[in-house]
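*Asks:* Quick one: this structure, given as structure tokens, is what I'll be asking you about.
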Amino acid sequence: MDTENEITLRLRFQKESKENSESILLKFENYSKIKSNDFTIKTSDNHIWLDIAPSKRKYWTPHLHLELEPKNDSVTHIRGLYGPDPTLWTFFMFLHFIIAGIFLIFCAIAYSDSILKNSITLDLIIMTLMTFFWFFLYYLAKSIRKKGYPQMNELENYFNTIITS
């Protein structure tokens with residue numbers, strides 16, 4: 001997967017497997033029973049989560065969520081989604097909503113000041129700062145994702161190992 005040319009923060013992939021979803025799920029369940037020092041596996045229905053072991057996690061450590069979609073009795077469509085730690089993702093979304101809220105509040109205040117013929121300079125400065133902070137969060141998230149590339153590749157290799165076994 002070419003992660004360098006992706007704009008999205010949460011990388012996705014799709015793969016076809018010539019096995020049915022039950023046999024793929026069974027492979028992952030069997031691997032989850034083997035205690036690995038590097039990975040943890042959780043399964044629920046047609047969903048599988050691959051994580052780096054807690055002893056090797058950093059704040060930028062990704063996890064891999066797989067969804068198995070049976071096409072017919074012998075073919076399964078696998079959707080994969082790499083994502084950050086859910087706590088980190090929630091924190092980033094919280095910051096995005098705060099920045100968007102401040103932007104919209106000062107946009108309304110600027111409109112009111114404009115109608116009242118007051119100065120809107122401070123309002124425009126704060127709106128510009130919020131835009132700057134939003135871009136800063138985007139580039140911060142990109143740099144966090146870049147730090148997670150090696151572990152992302154480890155997860156992908158482990159996933160491929162299980163699928164081909």
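*Asks:* At a threshold of 8 angstrom on Cα-Cα distance, excluding pairs fewer than six apart, so keeping six or more, what relative contact order does the chain reach in percent?
*Replies:* It comes to 24 percent, rounded to a whole number.
*Asks:* Tell me, what is the FRET efficiency for Thr43 and Leu95 to the nearest 0.05, using R0 = 35 angstrom and their Cβ-Cβ distance as r?
*Replies:* After rounding, the FRET efficiency stands at 0.65.
*Asks:* Once neighbouring chains are kept in place and the probe is 1.4 Å, which whole percent of the accessible area of segment 7-47 is contributed by carbon and sulfur? Could the numbers behind the result be given before it?
*Replies:* Working: 1430 of 2880 Å².
On segment 7-47, the fraction of accessible area on carbon and sulfur atoms equals 50 percent.
*Asks:* Starting from the Cα-Cα distance between Ser74 and Ile102, subtract it from 0.36 nm times their residue separation and give me the gain in nm to one decimal.
*Replies:* My answer for the length gained is 4.9 nm.
*Asks:* About the Cα centre, and with charges only on the beta carbon of Lys, Arg (+1) and Asp, Glu (-1), how big is the dipole of the chain? Nearest 20 debye, please.
*Replies:* Charge dipole of the chain: 400 debye, to the nearest 20.
*Asks:* Then there's this: Does anyone have the angle between helix 149-164 and the longest principal axis of the chain? Alpha-carbon axes, 0 to 90°, nearest 10?
*Replies:* With both axes taken from Cα atoms, the answer is about 30 degrees.
*Asks:* Averaged per residue, what accessible area in Å² does the chain show with a 1.4 Å probe, protein chains only?
*Replies:* Counting only protein heavy atoms, the per-residue value for the chain is 63 Å².
The values are calculated or read from the model by the stated rules, or taken from the named source; none is laboratory data. Here the structure is a predicted model, which means the values were calculated and not measured. Please note: Cβ atoms are built from the backbone with ideal geometry, for glycine as well, and neighbour counts cover all protein chains shown. Note: accessible area is taken over every heavy atom of the protein model, side chains too, but ligands, DNA and RNA are not part of it. Shrake-Rupley method; radii C 1.70, N 1.55, O 1.52, S 1.80 Å.
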